[in-house]
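A short reminder: the numbers here are calculations on the coordinates, not readings from a lab. Since we're looking at a predicted model, the values are computed, not measured. For neighbour counting, all protein chains shown are included, and Cβ atoms are generated from backbone atoms with ideal geometry for every residue, glycine included.
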Amino acid sequence: MNILVIGGGAREHAICYAVHQSSKLSKLYAIPGNYGISQLAECHIVDTNDFDELFSFAIKKAIDLIIVGPEVPLVNGIVDFFTSRKIKIFGPDQFAAQLEGSKSFMKDLCNEHRIPTAQYEKFQNSDDAIKYLETQSYPIVIKADGLAAGKGVTIAEDFKTASIAVQDIFNAKFGANMDVVIEEFMYGEEASYFICSDGKNFISLISAQDHKRIGENDTGPNTGGMGAYSPAPVFTEKVKKQVDAEIIKPTLKAMFDKGHPFKGILYAGLMIENEKAKLVEYNIRFGDPECQVLMMSLKSDLIDLIMYSINGSINDYDCDWYDEDCATVVLASKGYPGEFIKDTEIKGLEKIKTSQSLQVFHAATVESDEKILANGGRVLSITAKDKSLRSALSTIYNEIKKIDWNECYYRNDIGHKALKNEH
Ligand code: AMP
Ligand code: GLY
């Protein structure tokens, strides 16, 4: 099969890594890809918001299957577009993509089907939102109702912070015309749980935990994710049963009943307290950096998984995983998620001897005059698996020392919560 991966982050590099191992692959393409991906796939620049142009590309290259990494093209209806033109594409249609694209869609669905999640109210103007905030207890959570790349959420400890967050959203800090969602604060530990659905049935993939904050001990502003590990110890068998029964199944049934069966990867962001999970958010795609650990842990053929989902026969897929712990540490440009310098040189990558247990996934790298340059916020994702999380992390941190890059920032405490409980 000729396969096209859309996206250019470490998540898409990890997807390419998995696809590259499949016996079903003939030729792999990526749009736009990055330097790391270009070692596995032919990379092209095409505007991913211009579906007609993507279609011409797909026809020219005889693409048999499109795998979409990021949420934006899915929310914009890329699956509807290609499905109606008889090109196979993995993911939910535009309506079902609202599970991620619209907080109020997701919250209304939870209310209708009694899916455990935080209480919420939605506001279309700041006066009403502020009046409501005056009556609430704190902390409270303020969210922009739309896609804000993980940055539209404020956990406000007091009224003043909450009202500033509300003003910011109505002043279009995260994009034009966004409403405000105000949520009850949930206590507990977070985990990410991934399932793959064919619209009717689903199989569980694995759980992971990511580190969203920039600073050690989970401090500072939210980022796309600074590291992850899998499995998540807090996601016990008991929690999984509850989540499947009370969150995943009712959601898939609701989407089916609405005439828009959810196909693809559904990623439930969970808050778990005393072995009871509530839904924080849905994403309609693999997580980044969680995908990096998922793809290293997957023993089965990713293309099979995808084809069983597209063809509606996911129950026939036998998903096999390596029985090891896996972790990834993200190397970012100093200053991220704020301002950072671009085009800084990364040396020493050739000293890292990659294997089935150790991979360097690239997020924002380009090659120029035979140098590898960092050209984004999150740049590399060093990923390893081993018998224990401790040894996987120790490999990663040792390998990072081989990288010579002045502008590099990373967290030294990835996996710290899980390690505390490891023997
Ligand atoms: P979201 O974009 O909705 O996933 O929110 C980003 C992050 O904010 C989550 O991963 C949580 O860490 C935090 N968060 C969001 N909603 C809540 C909530 N209701 N209670 C506590 N933390 C939350
Ligand atoms: N790791 C968080 C996300 O992919 O949304």
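Here are the numbers for the structure shown:
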read-out: Dmax and Rg, reported as Rg then Dmax, of the stretch 1-81 (C-alpha, Å); value: 11.6, 32
read-out: Extent along principal axes [Cα atoms of the stretch 304-423; Å; largest to smallest]; value: 48, 41, 30
read-out: For the stretch 166-220 and the stretch 86-100, distance of Cα centres in Å; value: 19 Å
read-out: Chymotrypsin sites (Phe, Trp or Tyr not before Pro) restricted to the stretch 115-190 and DSSP loop, no more than 13 other C-beta within 10 Å; value: 187
read-out: Calculated on alpha-carbon atoms, Rg and Dmax of the stretch 329-386 in Å; value: 12.1, 36
read-out: Relative contact order (%) - criterion: Cα under 8 Å, at least six apart; region: the stretch 6-52; value: 38 percent
read-out: Three semi-axes of the equivalent ellipsoid, the stretch 272-321, Cα gyration tensor, whole Å, largest first; value: 24, 15, 12
read-out: Helix-only CD estimate at 222 nm, as mean residue ellipticity for the chain, using -39500 (n - 2.57) per DSSP H run (n ≥ 4); value: -8000 deg cm²/dmol
read-out: Highest to lowest packing among 233-244, 369-380, scored as the average C-beta count within 10 Å; value: 369-380, 233-244
read-out: Mean Cα-pair separation over length for the chain, i.e. relative contact order, pairs under 8 Å, 6 or more apart, %; value: 16 percent
read-out: Span per principal axis, largest first, for the Cα atoms of the stretch 31-164 (Å); value: 59, 35, 25
read-out: Unit charges on C-beta of K, R, D, E only; dipole of the chain, Debye; value: 560 debye
read-out: Distance histogram for the chain (every C-alpha pair counted, 10 angstrom bins, percent rounded to whole numbers); value: 5, 22, 33, 28, 12, 1, 0
read-out: Burial ordering of 326, 16, 408, fewest other beta-carbon atoms within 10 Å first; value: 408, 326, 16
read-out: Solution diffusion estimate, µm²/s, Stokes-Einstein, the stretch 221-317, Kirkwood Rh from C-alpha pairs, 20 °C, viscosity 1.002 mPa s; value: 142 µm²/s
read-out: Loop-located GluC sites (Glu not before Pro) in the stretch 85-172 whose Cβ has at most 12 other Cβ within 10 Å (DSSP); value: 157
